[in-house]
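Note sheet for the following structure.
The values are calculated or read from the model by the stated rules, or taken from the named source; none is laboratory data. This is a predicted model, so every value here is computed, not measured. Neighbour counts are summed over all protein chains in view; Cβ atoms, including those assigned to glycine, are modelled from backbone coordinates with ideal geometry. All accessible areas refer to the heavy atoms of the entire protein, side chains included, with ligands and DNA or RNA removed. Shrake-Rupley method; radii C 1.70, N 1.55, O 1.52, S 1.80 Å.
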Amino acid sequence: MSIINQLKKTFLYRKLYYPYRVKEINKINQRKREIFKKEGKNALAQFIKCMDEENISYWLEFGTLLGVYRDGTFVPNEMDLDVGVYLRDACRIYCAMMKFGFRLVREFHVVGENGLEQTYEYNGTTIDLMYFYESEGFMLCNGAVIPTKYKKGKYFEHAITSHHFQIFSCSKMLFGDMEVSVPSNVEEHLIEIYGSGFRVYDPNFKRDFNKKSYSMDEKKGIGFIIY
């Protein structure tokens, strides 16, 4: 048993440190939700303007796609935006995001393979960019499992998650007064992620049916967090 696991069993950790950390994390997340509620649509509008003016493909993904398509709004207690982009556009996207006032605050790579995830910030709202590429007849993207211990501004190793989707094209739909890009097979795409029950809001739902997790021995990533 590691020293860390031993410490987690102590009275001081269970009764003092852990409840304190949970309280602090809840406070941070509540603040993020408040900012997102105020600035989320503005951040999305600025992102769409950025992608459209620079002629870069994108589409809404994961929780953002779910809320916009199913409910016509963001899902309750949302804290950030999720979008999909193509890995081949990564360099252009970085230059475009800097040009339009976004700030890169974290980045995750897969060691030795295709795979990139970035988070940008705009007026206090964060937007997660999931980079997709085609392989063996699927659309793939990789994400990061962020460890509980890391140092801001320092590189660190992390575990990897992966999503495999049927290849899709994109189409447009209205979200309020905005025209947004979504997968053309949006219902099938959401079923791939959340299952057929996605159509009914469930506040206790947490499972992502499509996600596969890899151990550090199978796939390893290198991450960097600024904020």
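Sum up the charges of everything whose Cβ sits under 12 Å from the Cβ of Val85, counting Lys and Arg as +1 and Asp and Glu as -1, but leave Val85 out.
Numbers: positive: Arg88, Arg92; negative: Glu54, Glu61, Asp82, Asp89, Glu117, Asp128.
Taking every other residue near Val85 into account, the sum is -4.
Could you sort out which of Lys149/Lys220; Lys37/Lys206; Lys23/Lys149; Lys49/Lys99; Lys49/Lys172; Lys154/Lys220 sit more than 19 Å apart by Cα distance in this structure? Intermediate results must be reported in sequence, preceding the final value.
Details: Lys149/Lys220 16 Å; Lys37/Lys206 21 Å; Lys23/Lys149 17 Å; Lys49/Lys99 11 Å; Lys49/Lys172 14 Å; Lys154/Lys220 16 Å.
Check vs 19 Å cut-off fails for Lys37/Lys206.
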Legend entry - Amide N proximity, region 173-189 versus Ala45 label position 7 Å along Cα-to-Cβ, cut-off under 12 Å: 176-179
Inset, instruction - Could you please state how large a percent of the accessible area of region 127-217 is carbon and sulfur, counting protein chains only and using a 1.4 Å probe? - result: 51
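Determine the per residue accessible area of the chain with all protein chains present and a 1.4 angstrom probe, expressed in square angstrom. Mind showing how you got there, number by number?
On the way: 13080 Å² over 227 residues.
Accessible area per residue, the chain: 58 Å².
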Inset, instruction - Compute the label zone of Ile56 within region 102-121: residues whose backbone N is under 18 Å from the point 7 Å along Cα-to-Cβ. - result: 102-109, 115-121
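What percent do you get for the relative contact order of the chain when only Cα pairs under 8 Å and 6+ apart count?
Answer for the chain is 19 percent.
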Legend entry - For the chain, calculated [θ]222 nm from helices alone, where every DSSP H run of n ≥ 4 adds -39500 (n - 2.57): -9000 deg cm²/dmol
Inset, instruction - At 0.36 nm per residue, minus the direct Cα-Cα distance, what do Ser171 and Tyr94 gain on full extension? Give it in nm, one decimal, please. - result: 25.4 nm
Legend entry - Cα-only Debye scattering, region 111-227: base-10 log of I(q)/I(0) at q = 0.11, 0.12, 0.21, 0.23 Å⁻¹: -0.48, -0.57, -1.36, -1.40
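Would you mind estimating how fast the chain diffuses translationally, via Stokes-Einstein at 10 °C and 1.306 mPa s with the Kirkwood radius over Cα pairs, in µm²/s? Mind dumping the intermediate values first?
Values: Rh = 18.9 Å.
After rounding, the answer is 84 µm²/s.
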Inset, instruction - Evaluate E = 1/(1 + (r/R0)^6) for Ser196 and Tyr227, where r is the Cβ-Cβ distance and R0 equals 41 Å; express this FRET efficiency to the nearest 0.05. - result: 0.65
